[in-house]
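Okay, structure first, notes after.
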Amino acid sequence: LGLYWVEGSGHVKVGDLVAFPVPAHVRALVLERNYLPPGALLVKPVVATSADSVCTDGGRLTVNSAPLGAIATEDTRGRPLPHDARCGPVPEGDVFVASHLATSFDSRTFGPVPVADIRGTVTPLWTY
């Protein structure tokens, strides 16, 4: 939680913190479980672009064969989470977003995010 500055950007790269709407195919889950209020944006770091290979096999996320973290199968209340199963290049025009926290609701759960859906890069001004 916090206060962020969002600046539109036509180019997104690995390491950028980006803001985007909850992907449509998991929006009902987010609302049903009260993860976020309607219309809220997700803010996540980009860990891979179409130049990178992502693998979510074996309960671990790897990017270009480097381990980045575990993949949660349940949320913090023990409810099952969907899982984006893939091993290969990120599709052209998409990015893969993931936090360092295994409990983060990110591309490990909902898959790559279209660059066209990204509202901009984010600069945290005040977080708590």
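The values are calculated or read from the model by the stated rules, or taken from the named source; none is laboratory data. These numbers were taken from a predicted model, which means no experiment stands behind them. We place every Cβ from the backbone using ideal geometry, glycine too, and count neighbours over all the protein chains shown. Accessible surface areas use protein heavy atoms only, side chains included; no ligands, DNA or RNA. Shrake-Rupley method; radii C 1.70, N 1.55, O 1.52, S 1.80 Å.
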Qualifying residue in segment 107-114 (condition: hydrophobic (A, V, I, L, M, F, W, C) and free of Cβ contacts under 8 Å to residues at least 60 places away in the same chain): no
Verdict on GLY111 being touching a Ser or Thr at 6+ places or on another chain (Cβ under 7 Å) and either under 20 Å from ASP57 (Cβ atoms) or not hydroxyl-bearing (Ser, Thr, Tyr) (or both): no
Residues satisfying the stated conditions in segment 68-97, i.e. hydrophobic (A, V, I, L, M, F, W, C) and in contact with a Pro (Cβ under 7 Å, 6 or more places away or on another chain): VAL90, VAL95, PHE96, VAL97
Segment 58-72, residues that are of a type in the set (Val, Ile, Thr) and in contact with a Gly (Cβ under 8 Å, 6 or more places away or on another chain): ILE71
Every residue from segment 55-74 that is over 14 Å from GLY111 (Cα atoms), among the hydrophobic types (A, V, I, L, M, F, W, C) and under 16 Å from the mean Cα position of the chain (by Cα): LEU68, ALA70
Among the residues listed as GLY93, GLY39, GLY88, the single one being surrounded by fewer than 17 Cβ atoms within 10 Å (Cβ to Cβ), at pLDDT below 95 and among the small types (Gly, Ala, Ser): GLY39
Within segment 19-50, considering residues that are of a type in the set (A, V, I, L, M) and part of a strand (DSSP E or B), the one nearest to ARG77 (Cα to Cα): LEU42
Residue within segment 27-34 that is open to solvent by less than 40 Å² (accessible area, probe 1.4 Å) and free of Cβ contacts under 8 Å to residues at least 40 places away in the same chain present: no
Members of segment 1-21 that are under 14 Å from the mean Cα position of the chain (by Cα) and touching a residue at least 40 places away in the same chain (Cβ under 8 Å): VAL12, ASP16, LEU17, VAL18, ALA19, PHE20, PRO21
Sole exception among (1) touching a strand residue (DSSP E or B) at 6+ places or on another chain (Cβ under 6 Å); (2) within 24 Å of VAL6 (Cα to Cα) for ASN64, by number: (2)
Verdict on VAL12 being aliphatic (A, V, I, L, M), within 13 Å of GLY120 (Cβ to Cβ) and outside any strand (DSSP E or B): yes
Candidates GLY58, GLY10, GLY78 - the one that is over 16 Å from PRO114 (Cβ atoms) and open to solvent by 60 Å² or more (accessible area, probe 1.4 Å): GLY58
